[in-house]
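Have a look at the structure below before the remarks.
The values are calculated or read from the model by the stated rules, or taken from the named source; none is laboratory data. Fair warning: this is a prediction, and the values are worked out from it, not measured in the lab. As a convention, Cβ positions derive from the backbone with ideal geometry for all residues, glycine included, and neighbour counts pool all protein chains shown. Protein only, heavy atoms only, side chains kept; ligands, DNA and RNA dropped before computing areas. Shrake-Rupley method; radii C 1.70, N 1.55, O 1.52, S 1.80 Å.
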Amino acid sequence: MNNLLVEIVSPTGKLFTGEASGIQAPGVKGSFEVLRNHAPMIAAFEVGTLRVTSASGEKILFATSGGFLEVMNNTVSVLAESAELPSEIDVERARKSEQRAVALLAEAGDALDRERAQAALDRARNRLRNAMGAVGSEQEF
């Protein structure tokens, strides 16, 4: 095998299992990519897009709200808080979530309320970007 074995799971179940030539994640300290023979590591990632390049070269994108990624012996295990294919995102629901988050942000009184509202807004906008194809175009790879 000249590739990685990648498995992506979330609370809703297993989303992807297969060989890949690489995976990119939106790390909390900056985006990173894992390729074959990467050093063992555990890393946290945040709201953004997970990009899997399959063994055949296909780009598979997942809108995620964060989680952890472990690399060990050319196996990448992704434990995502949430992850979904752009084609499975309900755009209308994501728009309503964005509107609610904007309203909550405007009304937020203390720092914790503002932080929670901003996180909700970031998640909603990430889902919209992925669903509408603004993220993950071939030019970004």
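Among THR64, THR12, THR49, the largest mean-square fluctuation in a Gaussian network model of the chain (Cα springs under 10 Å) belongs to THR12. Sort the stretch 50-97 into rounded, prolate or oblate with this rule: let a ≥ b ≥ c be the square roots of the eigenvalues of the Cα gyration tensor; rounded if a/c is under 1.5, and if a/c is not under 1.5, prolate when a/b is larger than b/c, oblate otherwise. Cα axes put the stretch 50-97 in the oblate bin. When the chain is treated as a GNM with alpha-carbon contacts under 10 Å, the residue of VAL91, VAL78, VAL102 showing the greatest mean-square fluctuation is VAL102. Cα extents for the stretch 2-84 along the principal axes, largest to smallest and rounded to whole angstrom: 30, 23, 18. Distance from the Cα centroid of the stretch 4-21 to that of the stretch 35-83 is 8 Å (rounded to whole angstrom).
Largest GNM mean-square fluctuation across GLU84, GLU115, GLU33, computed for the chain with C-alpha springs under 10 Å, falls on GLU115. Debye-formula intensities of the stretch 1-50, expressed as log10 I(q)/I(0) at q = 0.24 Å⁻¹, are -1.07 (one equal scatterer per alpha-carbon, no solvent).
Heavy-atom accessible surface of the stretch 25-141, averaged per residue, reaches 57 Å², computed with a 1.4 Å probe.
Taking trypsin sites (Lys or Arg not before Pro) that fall in a DSSP loop and have at most 14 other Cβ atoms within 10 Å as cut points, what is the longest piece of the chain between them?
Numbers: sites that count: LYS29, ARG36.
The longest uninterrupted stretch comes out as 37-141.
In the chain, a dipole from Cβ-located charges (positive for Lys and Arg, negative for Asp and Glu) runs towards its positive end, and of ALA111, LEU35, SER56 it is ALA111 whose Cα lies farthest in that direction. In the chain, the longest principal axis of the Cα atoms and the axis of helix 111-132 are about 60 degrees apart. Here the accessible area of the chain is 50 percent carbon and sulfur, with a 1.4 angstrom probe and all protein chains present. A helix-only calculation puts the chain at -9500 deg cm²/dmol for mean residue ellipticity at 222 nm, using -39500 (n - 2.57) for each DSSP H run of at least four residues, averaged over all residues. Normalised size of the stretch 75-121, defined as Cα radius of gyration per 2.2 N^0.38 Å with N residues, equals 1.48.
With +1 on each Lys and Arg Cβ and -1 on each Asp and Glu Cβ, how big is the dipole of the stretch 20-72 about its Cα centre, in debye rounded to the nearest 20? Numbers along the way, then the final one.
Numbers: 4 positive and 4 negative charges, 17 e Å.
Value, rounded to 20: 80 debye.
Principal-axis analysis of the Cα atoms of the chain puts helix 91-107 at an angle of about 50° to the longest axis.
Report the far tail of the P(r) of the stretch 35-141, meaning the percent of Cα-Cα pairs longer than 17 Å. Tail of the P(r) past 17 Å holds 61 percent of the pairs.
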